[in-house]
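S.K.: The following block contains the structure, expressed as structure tokens.
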């Protein structure tokens, strides 16, 4: 099936553009998942008619560059009278398929997972009804957790093929992984480490049905000319304030750098439950003059900081919490690299897949001294900053550009929908 040719939907009626239902957790609403913006924009640019289906739409659109994508969204809460009415109608229309889907959910490996899956089951039936009436060609869910549960249920009752993208924490959640993998047209992993994690949890798929297709970013065609503004180097960390991000080690590194009189400031963009603890740490170490908390920082604002050359280097001090709780391949690093900004991160999760061969500086996790040494190197050496920045930008253009990523994704979708 050509990505831009007229296609035949599930009802047999023709439509001019191929149609994709794109299931998310909340996007484009709320603060999370801004990394979907380039992918959806590129899919629509390629001629696909996309409808975004957030599992739990809540709050306003927080990222300004996602405003237009809100118009492509089908917004319904997890449970409402409309959802329940559609679910009952679908159950009466095709009781065998609806009950078969419900039976799969009963294989959940814990009561916690079962409750989560049963909570989205009615919306999955609603989604199947939407997919059939809209004549979708494919259903793709991001996250192999409850969003994939919805997509699987919808596919069973609508007979429209489905697939999903598996990230990291959703794989560790182990929500019917083997069942979903066996029924999906394909499971896209955003990193090799993610695929290995899924295999350790019982996923057995031939390579063509378990491709590693990274998330993609859109590198600027050219970088802004001119010198950076005068003043201390600005280190930026864009991260949710959660344990896996390892921010306390970065704050400790800033204390080390202050003791060495290294001229740099740290700006932390993000929100999370550790904010009070991290602010107290900054106060205890007398770093108020060196560390600033920016709070929620929208996707478009981050890109604006990069384009205005207000950020000199980006650091993500991620840690491995055990039980498969670690990073995938962080888009926060990819977007900085796309702008030629040197990055420092740790040897956890999928990060080495991004920063190998000099595309960034890798240090051991939970090592404030190693972080401080890497930052000091970059602050003091303009040639090193330039070399690493150029290598990082090349890596993104060659392997992580959204054009390249969407081409691979569409090859999978089109192959499974023929």
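Bear in mind that the values in this text are calculations on the coordinates, not laboratory data. Not measured: the values here are computed from a predicted model. Glycine also receives a Cβ, built like all others from the backbone with ideal geometry; neighbour counts cover every protein chain displayed.
S.K.: Output the peptides 53-61, 74-82 sorted from most to least packed, where packing is the average of other Cβ atoms within 10 Å over each peptide's residues.
M.R.: Descending mean neighbour count gives 53-61, 74-82.
S.K.: Next up: From Cα pairs below 8 angstrom and at least 6 apart in sequence, can you work out the relative contact order of region 95-197, rounded to a whole percent?
M.R.: 26
S.K.: Right, here's the next one. So, R0 is 35 Å and r is the distance between the beta-carbons of residue 261 and residue 408; what FRET efficiency does that work out to, to 0.05?
M.R.: Calculated value: 0.15.
S.K.: Oh, and also: Would you mind putting 128-138, 303-313 in packing order, based on average other-beta-carbon counts within 10 Å, highest first?
M.R.: 128-138, 303-313
S.K.: Further, regarding this structure: Kindly provide the helix-only [θ] at 222 nm of the chain, computed as the sum of -39,500 (n - 2.57) over DSSP H runs of four or more divided by all residues, to the nearest 500 deg cm²/dmol?
M.R.: Result for the chain, helices only: -13000 deg cm²/dmol.
S.K.: Something else about it: Need one word for region 87-172: rounded, prolate or oblate. Basis is the Cα gyration tensor (sqrt eigenvalues a ≥ b ≥ c); a/c below 1.5 gives rounded, then a/b vs b/c decides.
M.R.: oblate
S.K.: Which of 277, 335 has the fewest other C-beta atoms within 10 Å, and how do the rest follow up to the most?
M.R.: 277, 335
S.K.: Give, in nm to one decimal, the length gained when the segment between residue 196 and residue 242 is fully stretched (0.36 nm per residue of separation minus the Cα-Cα distance).
M.R.: 14.2 nm
S.K.: While we're looking at this one, here's another question. Which of 63, 299 comes first, and how do the rest follow, when ranked by fewest Cβ neighbours within 10 Å?
M.R.: By the 10 Å Cβ count, ascending, the order reads 299, 63.
S.K.: Here is a follow-up. Please list 240-252, 100-112 highest first by mean number of surrounding beta-carbon atoms within 10 Å per residue.
M.R.: 240-252, 100-112
S.K.: Could you work out how far apart the two model spin labels at residue 377 and residue 58 are, taking each label as a point 7 Å from the Cα in the direction of the beta carbon, and quote it in nm?
M.R.: 4.2
S.K.: Would you please state which residues of region 35-76 a label at residue 221 would reach in this model, taking the label point 7 Å out along Cα→Cβ and a backbone N cut-off of under 20 Å?
M.R.: Flagged as within label range: 38-39, 41-47.
S.K.: Compute the Cα gyration tensor for region 233-400, then decide on rounded, prolate or oblate, letting a ≥ b ≥ c be the square roots of its eigenvalues: rounded whenever a/c is under 1.5, prolate when a/b is larger than b/c in the other cases, and oblate in all that remain.
M.R.: rounded
S.K.: So what's the projected area for the chain, the Cα convex hull averaged over all directions, in nm²?
M.R.: 20.1
S.K.: What does the extension gain come out to for residue 71 and residue 16, with contour length at 0.36 nm per residue minus their alpha carbon separation?
M.R.: Between residue 71 and residue 16, full extension yields 17.8 nm more.
S.K.: So for the chain: antiparallel DSSP bridges make up what percent, rounded to the nearest 5?
M.R.: Percentage antiparallel, nearest 5: 5.
S.K.: Give the shape of region 314-396 as rounded, prolate or oblate, defined through the alpha-carbon gyration tensor: a ≥ b ≥ c are the square roots of its eigenvalues, a/c under 1.5 means rounded, and otherwise the shape is prolate if a/b is larger than b/c and oblate if not.
M.R.: oblate
S.K.: If you don't mind, another one. Sorting 264, 237 on the 10 Å Cβ count, fewest up front, what's the list?
M.R.: Fewest to most other Cβ atoms nearby, the residues stand as 264, 237.
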